[in-house]
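Undergrad: Dumping the structure here so I can ask a few things about it.
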Amino acid sequence: MTLDRIRDLFPVTQRHAYLNHAAVAPLPRPVVEAMTHYLTERSLSGSEALSEWDDSIEEIRQLTARFIGAHRDEITFTGSVSHGLNIVAAGLDWQPGDNMICAETEFPANVYPWINLQRRGVEVRFAPARDNRILVEDVASLMDSRTRLVAVGYVEFATGYRNDLGALASLCHERGAYLCVDGIQGLGALQLNVAHTPVDFLATQAAKWMLGPIGAGFLYVRRDLLSRLDPVMTGWRAVVDRDNYFRYDSSLRTSGERFEPGSLNAVGLAGLQAAIELLLSVGLDAIEDRILTLTDLLIGGLQKHGCIITTPIVHRCERSGIVCFRHPEVDSLVLVERLRAVDVIVSMRGEVIRVSPHFYNTRADLERLLAVLPA
């Protein structure tokens, strides 16, 4: 598929240089069409449109598992990262005196579920961000015999730093702890195969780099850990004999469906399916390569304009689709407004401007941004 054909799938390109995928992605045509088709069928047929819905859910579950190299039993559909992380936080058998480790630069969705455990006597420790990097050795220094879990983002939302999940997984497993990952700033931009990078839990949502709708996400739980999570919420869809509405003693499913108590976000899952199909059709390796190429160009252009880049960029393995910077003379908020005035869409996080291009963006999109910066 050529770049021109790919860009035709993104109506946002008709007006904007959209460089804000770390916030919310514009929906591509196939995702909108899939959700519209579902809604149209419901409007025309009501319950008749749901006759094959269980088969559709199974297809989406298998596709989602394929997306990260998992087994379909390891996938639980959720509404958000917070939803998925709370399933883990609430489900583990914490004991007073246990502790877990977060990072200083985490998005709040990957902090509050763990802070909430303090009422159960769990200590929350924060690994420092040294020059915007979360060092494995700093995480290790905070661990002891009561450390049960380490929770980090695949990519840090405000810095663009890509955590070394492989090294962190090895560290955690050597110390008898779990690794839980917020994948929302990585999945869809960077490859992650859980068969090769053995994280224990992975929560994400489709609305950013995955190019899907808000409110459609999933939680990965390694299969041998499914039974170790207490399903603190349950309901009719979580049990084996869920279609027997007059039976109240059915056992819980042994798969990730045990954490899906009720009806799922059907229109959101339709969009999720279309989004993953699009990403897979382009190729996850090609997408990552394209994004890193674009950020190479962006970094070079920012440096020529004398900008201060706060994202760690020395080691390519630490890079992601996010580049954060500030200008030494012009306030970041002023620059963001100047960019918006010429239809270049970025975000401001703290004192820096966050730029996050996707695979369909072009050099011309980046040049529109650079043209606004003082020489």
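Undergrad: Under 1.5 on a/c is rounded, so check that first for segment 170-286, then, if it is not, pick prolate when a/b is larger than b/c and oblate when it is not; a ≥ b ≥ c are the square roots of the alpha carbon gyration tensor eigenvalues. Don't skip to the answer; put the middle values down first.
TA: Numbers: a/c = 2.61, a/b = 1.25, b/c = 2.08.
Here segment 170-286 falls in the oblate category.
Undergrad: When the C-alpha atoms of the chain are aligned to their principal axes, what extent does each axis show, in angstrom, from largest down?
TA: 71, 58, 32
Undergrad: Right, something else. Give me P(r) over segment 230-297, computed from all C-alpha to C-alpha distances, binned every 5 Å, as integer percentages.
TA: Using 5 Å bins, I get a P(r) of 3, 15, 15, 12, 12, 11, 9, 9, 6, 4, 2, 1, 0 for segment 230-297.
Undergrad: Using packing as a proxy for protection, rank 147-157, 285-295, 36-46 so that the peptide with the highest average count of other Cβ atoms within 10 Å comes first.
TA: For the peptides 147-157, 285-295, 36-46, the packing ranking is 147-157, 285-295, 36-46.
Undergrad: Still on this structure, I have one more. When all protein chains stay in place, what accessible area (Å², nearest 10, 1.4 Å probe) is found for Asp131?
TA: Looks like 140 Å² after rounding.
Undergrad: Using only the alpha-carbon atoms of segment 30-116, report the extent along each of the three principal axes, biggest first, to the nearest angstrom.
TA: Principal extents (largest minus smallest coordinate, Cα): 55, 25, 24 Å.
Undergrad: Classify segment 330-375 as rounded, prolate or oblate from the Cα gyration tensor: take a ≥ b ≥ c as the square roots of its eigenvalues, call it rounded if a/c is under 1.5, otherwise prolate when a/b beats b/c and oblate if not. Each step should come with its number before you reach the end.
TA: Numbers: a/c = 2.00, a/b = 1.37, b/c = 1.46.
The shape class here is oblate.
Undergrad: Moving on. Using only the Cα atoms of segment 70-179, construct the convex hull and provide its projected area averaged over every direction, in square nanometres to one decimal. Numbers along the way, then the final one.
TA: Details: hull surface 28.4 nm².
Computing the convex hull of the Cα atoms and averaging its projections yields 7.1 nm².
Undergrad: Please report, to two decimal places, log10 I(q)/I(0) for segment 295-374 at q = 0.24, 0.25 Å⁻¹ as given by the Debye formula with identical point scatterers on the Cα atoms and no solvent.
TA: Taking Cα atoms of segment 295-374 as identical point scatterers yields -1.29, -1.41.
Undergrad: Compute the relative contact order of segment 105-195 as a whole-number percentage, counting only Cα pairs closer than 8 Å that sit 6 or more residues apart in sequence.
TA: It rounds to 29 percent for segment 105-195.
Undergrad: Now for a separate question. Report the antiparallel proportion of the DSSP beta bridges in the chain as a percent, rounded to a multiple of 5.
TA: Of the beta bridges lying entirely in the chain, close to 50 percent run antiparallel.
Undergrad: Can you give me the Cα centroid spacing of segment 241-315 and segment 100-125 in angstrom?
TA: 23 Å
Undergrad: Per DSSP helix of 4 or more residues, -39500 (n - 2.57); summed, then divided by the residues of the chain. What does that give at 222 nm, rounded to the nearest 500?
TA: On the way: 11 runs with 127 residues, N = 375.
The per-residue figure over the chain is -10500 deg cm²/dmol.
Undergrad: Another question about this same structure. Can you tell me the order of 276-282, 119-125, 19-25 when each peptide is scored by its average per-residue count of other Cβ atoms within 10 angstrom, highest first?
TA: Working: 276-282: 17.3, 119-125: 14.1, 19-25: 22.3.
So the peptides 276-282, 119-125, 19-25, ranked by packing, come out 19-25, 276-282, 119-125.
Undergrad: Could you tell me which helices of the chain pass both thresholds, a Cα extent of 27 Å or more along their own axis and a mean Kyte-Doolittle hydropathy of at least 0.0, with helices taken as whole DSSP H runs?
TA: Values: long enough: 284-304 (30 Å, 0.48).
Membrane-span-like by this rule: 284-304.
Undergrad: Still on this structure, please answer the following. Just report the Cα centroid separation between segment 48-64 and segment 129-200, whole Å.
TA: 33 Å
Undergrad: I need the peptides 238-251, 164-177 ranked by packing, meaning the mean over residues of other C-beta atoms within 10 angstrom, with the highest value on top.
TA: 164-177, 238-251
The values are calculated or read from the model by the stated rules, or taken from the named source; none is laboratory data. On a predicted model such as this, the values are computed, not experimentally measured, just so you know. As a convention, Cβ positions derive from the backbone with ideal geometry for all residues, glycine included, and neighbour counts pool all protein chains shown. In case anyone asks, the SASA skips ligands and DNA or RNA and just uses the protein heavy atoms, side chains included. Shrake-Rupley method; radii C 1.70, N 1.55, O 1.52, S 1.80 Å.
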